[in-house]
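**Q** Please find one structure pasted underneath; my questions will follow.
Coordinate-derived values only; no laboratory data. All values derive from a computational prediction rather than experimental measurement. No Cβ is skipped: glycine too gets one built from the backbone with ideal geometry, and neighbour counts run over all protein chains shown.
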Amino acid sequence: MFHHVAMFRFKDGTTAEQIEAVGTALAALPDQIEMLLGYRFGPDAGITEGSWSFVVIADLADASDYPAYKNHPAHAAVVNDLIAPIVAQAARVQFET
C-alpha cells in the first residue's frame, strides 16, 4: 500500500468555518476519486506545542496511483480553492507499507 501524508500550518486569522469547509470538501473526495482506498484527515488535537494544524492521509494501492489522485480535478479544486488560501506552511511525505 502507498500512503501520502500532507500536513498544514494555517495562516493566522484562519477561521473555524474555513477549516470546516476544508473538512467537508475532503470528506467528499473518496466518492469522487476511485483509487482512494482509505482517506483520513483532521485538525491537530492540540496536545503537543508546535504541531501542525491539520493532516491528510491518503491510502492508495501503489505509487502509480498517486499522480492520478494528486491531479484529479476534485482534489485540485479542494487544494486550490480551500486549502492553499489558508496555508502558511505545508509538508508532505509518501511511503509504502
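**Q** Got the relative contact order for segment 1-61 handy, in percent, Cα pairs under 8 Å and 6 or more residues apart?
**A** Relative contact order for segment 1-61 comes out at 52 percent.
**Q** Could I ask something else about it? Largest first and in whole Å, give the semi-axes of the chain's equivalent ellipsoid, each being the square root of 5 times a Cα gyration tensor eigenvalue.
**A** 22, 16, 11
**Q** Taking a virtual spin label 7 Å from the Cα of GLU17 along the C-beta vector, which residues in segment 53-97 bring their backbone nitrogen under 19 Å of it?
**A** 81-87
**Q** Here's another thing I want to ask about it. For GLU96 and THR24, FRET efficiency with R0 = 35 Å and r from the beta-carbon atoms, rounded to 0.05?
**A** Once the sixth-power term is evaluated, E becomes 0.70.
**Q** Report, in degrees rounded to the nearest 10, the 0 to 90 angle that the Cα long axis of helix 16-32 makes with the longest principal axis of the chain.
**A** The helix 16-32 is inclined about 10 degrees to the chain.
**Q** Which trypsin sites (Lys or Arg not before Pro) in segment 13-97 pass both tests, a DSSP loop state and at most 12 other beta-carbon atoms within 10 Å?
**A** none
**Q** What dipole magnitude, in Debye to the nearest 20, does the chain give about its Cα centre under +1 on Lys/Arg Cβ and -1 on Asp/Glu Cβ?
**A** About 220 debye.
**Q** So for the chain, taking the charge dipole from beta-carbon charges (+1 Lys/Arg, -1 Asp/Glu), which of THR15, ALA45, GLN89 sits furthest toward the positive end?
**A** GLN89
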